[in-house]
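The values are calculated or read from the model by the stated rules, or taken from the named source; none is laboratory data. Bear in mind that the values here come from a model prediction, so they are computed numbers and not experimental data. All Cβ positions, glycine included, derive from the backbone under ideal geometry; neighbour counts span all protein chains shown.
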Amino acid sequence: MNKFFLKNTKGSQKTIMIALLAVAIILVVLVAISLFKKPVVDKPITNLNNGAPAEVVDNMVGDLEPNTPVADPVDAFRAEVPVNTVVPGVDTQLSEEEKKEIALPGIVVPAAPGSNNSFRNFKISIENDVFSPSKAIVNVGDTVHIDFTAVDKAYDLSFPSYNMKSTFVQGQTRIMEFKAKKEGSFTFYCPSCGGPEAGPVGNIIIVAK
């Protein structure tokens, strides 16, 4: 009896040891699986162009580079500045033919104390469906002041690049004033005279410094 008990006890201990070892192996396997499945989190996924989080990038439109300005709409009334264009001053000497085309400023003074930009005043008349002179030339950054006078009849005036327009009767003077923001040769015209194709047509030429 005692021998059987001892033998049985040894068998039970062996069984228990095997069971414990099996449980230990299962636990190790579960821990290993858990570690392999755990995601490694370092930092949010970012767009290489601008560093924005991925969820923000998904809402972006287009492929613009960071800080790239959106292109301006095409301006049908803007042309390139003619080569060798010179901004005239009050004392610039012009021939009689040039005076019919180019307006000399009556005043050129600093736009503000200490400013590198100027305030330029011009006078342009409209007579017999012609602007005279037909061009005013300024620098980028200048404040442009033009007195338009209708000499022989009523006219209207459109300057679409700066979203400006006006109408005036015979003998009336209208003032157009704006800050020259961008280089180019910008067209103004009389809509009631037939538009830019029929004339009269003039230009504000803005020269980069």
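If you go through the stretch 90-110 and keep only what is out of contact with any strand residue (DSSP E or B) (no Cβ under 6 Å at 6 or more places or on another chain) and under 15 Å from Val138 (Cβ atoms), you end up with Thr92, Leu104, Pro110. Taken over the stretch 131-148, residues that are more than 20 Å from Val81 (Cα to Cα) and either surrounded by fewer than 17 Cβ atoms within 10 Å (Cβ to Cβ) or not assigned by TED's automatic domain parsing to the domain that holds Thr85 (or both) amount to 1. Ala208 falls short on exactly one of the conditions (1) under 22 Å from the mean Cα position of the chain (by Cα); (2) surrounded by 15 or more Cβ atoms within 10 Å (Cβ to Cβ), and that condition is (2). If you scan the stretch 133-160, which residues turn out to be in contact with a Lys or Arg (Cβ under 6 Å, 6 or more places away or on another chain) and of a type in the set (Ser, Thr, Tyr)? Hits for the stretch 133-160 are Thr143, Ser158. Here Thr167 meets each of (1) closer than 23 Å to Val74 by Cα; (2) polar (S, T, N, Q); (3) not in a helix (DSSP H, G or I) with one exception, condition (1).
Is it true that Phe36 is of a type in the set (Phe, Trp, Tyr) and modelled with pLDDT under 90? Against the criterion (of a type in the set (Phe, Trp, Tyr) and modelled with pLDDT under 90), Phe36 qualifies. Kindly indicate whether any position in the stretch 123-134 is over 21 Å from Leu157 (Cα atoms) and among the hydrophobic types (A, V, I, L, M, F, W, C). For the stretch 123-134, residues over 21 Å from Leu157 (Cα atoms) and among the hydrophobic types (A, V, I, L, M, F, W, C): absent. For the stretch 180-195, the set of residues classified as under 25 Å from the mean Cα position of the chain (by Cα) and either loosely packed, with under 14 Cβ neighbours inside 10 Å or within 12 Å of Phe148 (Cα to Cα) (or both) consists of Lys181, Lys182, Phe188, listed by residue number. With respect to the stated conditions, Lys153 is part of a loop (DSSP other than H, G, I, E, B) and either modelled with pLDDT of 95 or more or not hydroxyl-bearing (Ser, Thr, Tyr) (or both).
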